[in-house]
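The values are calculated or read from the model by the stated rules, or taken from the named source; none is laboratory data. Everything quoted here is computed from the prediction, not taken from an experiment. Reconstructed Cβ throughout: ideal geometry from the backbone, glycine too, with neighbour counts over all protein chains shown. Calculation scope for accessible area: heavy atoms of the full protein, side chains included, ligands and nucleic acids excluded. Shrake-Rupley method; radii C 1.70, N 1.55, O 1.52, S 1.80 Å.
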Amino acid sequence: MTASPFSPAEIAAEGIKPNEYEEIVQRLGRHPNKAELGMFGVMWSEHCCYKNSRPLLSQFPTTGDRVLVGPGENAGVIDLGHGLQLAFKIESHNHPSAVEPFQGAATGVGGILRDIFTMGARPIAVLNSLRFGSLDDAKTRRLFTGVVSGISHYGNCVGVPTVGGEVYFDAAYNDNPLVNAMALGLMETATIVKSGAAGIGNPVLYVGSTTGRDGMGGASFASTELSEASLDNRPAVQVGDPFLEKSLIEACLEAFKTGAVVAAQDMGAAGITCSTSEMAAKGGVGIEFDLDLVPVRESGMVPYEYLLSESQERMLFVAHKGREQELIDIFQRWGLQAVVAGTVIEEPIVRILFQGEIAAEVPASALADNTPLYPRELPAEPPAYAQQAWKWQVSSLPVATTAGITVGIKDQSWSQILLTLLDVPSIASKRWVYRQYDHQVQNNTVLLPGGADAAVIRIRPLEQIQDLTTDLSKINTGVAATVDCNSRYVYLHPYEGAKAVVAEAARNLSCVGAEPVAVTDNLNFGSPEKPTGYWQLAEACRGLSEGCSALSTPVTGGNVSLYNETFDASGQPQPIYPTPVIGMVGIIDDLGKICGQSWQHAGDLIYLLGANTKPQLGASEYLHTVHQTVAGMPPAIDFSLELKVQAACRYGIRQGWIKSAHDPAEGGIAVALAESCIGLGLGAIVQLPSLGLRLDEDFFGESGARILVSIDPKNRSAFELYLQSQLAADWLQVGTVGGDRLQITAQEGSIDLSLADITQSWSMALDRRLA
């Protein structure tokens, strides 16, 4: 065979390894042309084919009584009962947001919304999970404000409420922020729209916006480490138009309801290349596609640019032959492009035409599913950093006295330490963020951001759905959703940390009264090609799998974002903390039986469920913030107890006994008590259980399987009788709501703060740093 027409540098520029190029040549029986090389580059990237992570993902539980669509489609779909179905998915837009935070975040929202309505579902809510470096750094502040502006711009303009999320700040994310967006949608079509092409001779329609050069090679860009050069790679960032997407939502849902659409696929990562090859491969057919028919916004484009463009708000349909004009008319009425640009063919290939000639011809499976796999071996032993961290002992800390603790040369009282923790940006109020989001558009947001451990959305279809088994007026069903990840836990012990992530997500849903049902995950990690990076990824996947199985919350899909590393000035790669974000949804049968995290009435009684669980300081926020130490083991999860505690909380809420519920997370029970006080300005007097621990463990230690709840005193006997039957002695009344101070006693130590001081520290932390 002749020598390659491409230099090693040109091949590497497409993200293709030498051995992968040899495989391409073998599969084609020839050298690829420039367009084909680009197609393989994006489709064989980690972002598209999961070549390093796919073997690990196969262990996830993916089936369940309510799962209608699992991994492999644009979004997962679950059965809510009453004939209602929910589509949901999480995706990342990390690298684009590091380069151009506003557009990177905005198009991340646009992309996840398209995954939802491509299934035939109307988007009803968005959540986001965000990670940034230290706010002391001016660049971090620029990235943070840009990302939040991008999310709010797209979500507000498209008319989908941003109802919840999480924001963390840590130097591990300097220069490599994480922007994960989750969306939920209510199915409006009689059948779920799938992506597999079918029907030889059926027309292939290009619909939506025009194609330009923006977003070129974004999938490959997302599958490499960030360097100082790539941070200037703005052409790889897409540009979104939320108003056009709003029209696209309505046009697609209208088109799906005609029954004229056989299959649909969003043009997301890898654009035309991905949509044509995936639709063909899933249907076991081929697609012939003519680039000359594609509506463009720029002149002089060549096939390579058409095929790798990631211009936003575009879709590919396969229509029933003879009904294409019906669909074209719908899209044109909404002011959108719609043209027949291809045909379903029998030969399982993707054939691209340009100016009357074949510009590319590749087997569909070679691009979409028969892609490289790199099974890797786990290191013989955990990395040195982890082994060293596990040696940490709480006895290495200064002595904890009744008055407080000495840090360096400074004595700090327990009250001062609580104020310090409440001022930590990762713990403090995120009002600065969510006040920029329209979280009430569509008028179905039941619990507002900042008021509960999870978002709650009313399920209210815009019209009577054909297969609905219950009158809409009689349905009071809701959906709760949360995104969670304590990445410090996962960094210190990926297996235990990942289990804790799943447990906390379910706990947060239980705290609003929702039954946890299913999961979508976003795996944000460093390079899997390095032993430490692969160990973190593999062990975290093992923990997620075990956690989802134990809690009966199957995984319906998700996203993998690897190579989240930046090169410093000396050329050394700096990976992020391993961050497997869990997006979990739960069902609420009666929206009249939910609760938030704030105390409701003076005189209410405060209980701690899981009161015998011993909190610990390893991997804690207290250890990190007060002692500048990241070490120790994260709390091990007891799933048997976790299930009991969460079930008791949900039952108490459904009986109307529990008026507030809150999960003690970062900062331990002292921070959780403070947060419960702040909402409605109600203080509390609390006596913590005696577990034979240090005072800082009592106040600020962290663990799983604990929930703080408050009840009306009139329900005391019924509630305690139930707790005794379900939790035996693993619960305790710890206090009473009332007053304008938070007073916490543990052993001989105490915290005593005014609500004014608590609220000031917690509510203004972000504003102070951004002023």
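With the requirement that a residue be of a type outside the set (Ser, Thr, Tyr), open to solvent by less than 70 Å² (accessible area, probe 1.4 Å) and not in a loop (DSSP other than H, G, I, E, B), what does region 737-755 give you? Before the answer, list the steps.
Of all residues in region 737-755, those of a type outside the set (Ser, Thr, Tyr) come to 737-744, 746-749, 751-753, 755.
Remaining after also requiring open to solvent by less than 70 Å² (accessible area, probe 1.4 Å): 737-739, 742-744, 746, 749, 751-753, 755.
Result: VAL737, LEU742, GLN743, ILE744, ALA746, GLY749, ILE751, ASP752, LEU753, LEU755.
Please specify each residue of region 185-218 satisfying the condition of being closer than 30 Å to GLY478 by Cβ and either among the acidic types (Asp, Glu) or buried (at least 20 other Cβ atoms within 10 Å of the Cβ) (or both). If the condition is that a residue be closer than 30 Å to GLY478 by Cβ and either among the acidic types (Asp, Glu) or buried (at least 20 other Cβ atoms within 10 Å of the Cβ) (or both), then GLY185, LEU186, MET187, GLU188, THR189, VAL193, LYS194, SER195 are the ones that fit. Considering region 411-459, the residues that are more than 25 Å from LEU708 (Cβ to Cβ) and not in a loop (DSSP other than H, G, I, E, B) include one that is most open to solvent (accessible area, probe 1.4 Å), namely ASP411. Among the residues making up region 658-683, those that are within 29 Å of the chain's Cα centre (by Cα) and small (Gly, Ala, Ser) are SER660, ALA661, ALA665, GLY667, GLY668, ALA670, ALA672, ALA674, SER676, GLY679. For region 63-82, the set of residues classified as open to solvent by 30 Å² or more (accessible area, probe 1.4 Å), farther than 10 Å from ALA518 by Cα and either outside any strand (DSSP E or B) or touching a Leu at 6+ places or on another chain (Cβ under 7 Å) (or both) consists of ASP65, GLY72, ASP79, HIS82, listed by residue number.
So, in region 345-367, of the ones that are in a strand (DSSP E or B) and charged (D, E, K, R), which residue ends up surrounded by the fewest Cβ atoms within 10 Å (Cβ to Cβ)?
Step one: filter region 345-367 for residues in a strand (DSSP E or B), giving 345, 349-354, 357-363.
From what is left, the residues that are charged (D, E, K, R) are 351, 357, 361.
On the way: ARG351: 21, GLU357: 8, GLU361: 18.
My answer is GLU357.
Scanning region 10-51 for residues that are over 27 Å from SER92 (Cβ atoms), open to solvent by 10 Å² or more (accessible area, probe 1.4 Å) and not in a helix (DSSP H, G or I) yields GLY29, ARG30, HIS31, ASN33.
With the requirement that a residue be among the polar types (S, T, N, Q) and open to solvent by 20 Å² or more (accessible area, probe 1.4 Å), what does region 664-687 give you? Steps first, answer last, please.
Of region 664-687, the ones among the polar types (S, T, N, Q) are 676, 687.
GLN687, the sole residue that qualifies.
Residue check: GLN312 meets all listed conditions (1) in a helix (DSSP H, G or I); (2) touching an Asp or Glu at 6+ places or on another chain (Cβ under 8 Å) but one, namely (1). When LEU307, LEU327 are screened for being open to solvent by less than 60 Å² (accessible area, probe 1.4 Å) and within 30 Å of the chain's Cα centre (by Cα), only LEU307 passes. Taking each residue of region 262-291 that is farther than 11 Å from MET315 by Cα and looking for partners that are of a type in the set (D, E, K, R) and open to solvent by less than 10 Å² (accessible area, probe 1.4 Å) with beta-carbon atoms closer than 7 Å, six or more apart or interchain, yields ALA269/GLU310. Restricted to strands (runs of 3 or more DSSP E) entirely inside region 158-277, those with at least 1 residues that are modelled with pLDDT of 95 or more and either within 22 Å of the chain's Cα centre (by Cα) or more than 29 Å from THR343 (Cβ to Cβ) (or both) are 162-169, 178-187, 261-266.
Is it the case that region 621-631 has a residue that's in a helix (DSSP H, G or I) and over 24 Å from ASP484 (Cα atoms)?
Yes, because at least one residue in region 621-631 is in a helix (DSSP H, G or I) and over 24 Å from ASP484 (Cα atoms).
Filtered by the rule that a residue be free of Cβ contacts under 8 Å to residues at least 24 places away in the same chain and either closer than 25 Å to PRO242 by Cα or of a type in the set (A, V, I, L, M, F, W, C) (or both), region 322-332 gives ASP329, GLN332. Annotation note: Cβ proximity below 7 Å between a residue of region 708-736 that is free of Cβ contacts under 8 Å to residues at least 40 places away in the same chain and a residue that is buried (at least 16 other Cβ atoms within 10 Å of the Cβ) and among the charged types (D, E, K, R) (sequence gap 6+ or interchain) occurs for no pair. Against the definition (small (Gly, Ala, Ser), open to solvent by 40 Å² or more (accessible area, probe 1.4 Å) and farther than 16 Å from MET216 by Cβ), how does GLY300 come out, yes or no? No; evaluated as a whole, the condition is false for this residue.
Considering SER676, SER640, which residue is under 23 Å from MET764 (Cβ atoms) and of a type in the set (S, T, N, Q)?
Numbers: SER640 fails: under 23 Å from MET764 (Cβ atoms).
Just one listed residue meets the conditions, SER676.
Cβ-Cβ distances below 8 Å connect the following pairs, each with a first residue in region 516-545 that is farther than 21 Å from GLU504 by Cβ, a second residue that is of a type in the set (Lys, Arg), and a separation of six or more residues or different chains: PRO528/ARG376; TYR534/ARG376; ALA538/ARG376. No other residue among LEU617, LEU605 is surrounded by fewer than 22 Cβ atoms within 10 Å (Cβ to Cβ), in contact (Cβ under 8 Å) with a residue 12 or more places away in the chain, closer than 30 Å to LEU680 by Cα and of a type in the set (A, V, I, L, M) apart from LEU605.
I'm trying to understand the selection: among the residues of region 97-143, which are within 24 Å of GLY70 (Cα to Cα) and among the basic types (Lys, Arg)? Show your work before the answer.
Pass one, region 97-143, residues within 24 Å of GLY70 (Cα to Cα): 108-129.
Of everything in region 97-143, those that are within 24 Å of GLY70 (Cα to Cα) and among the basic types (Lys, Arg) turn out to be ARG114, ARG122.
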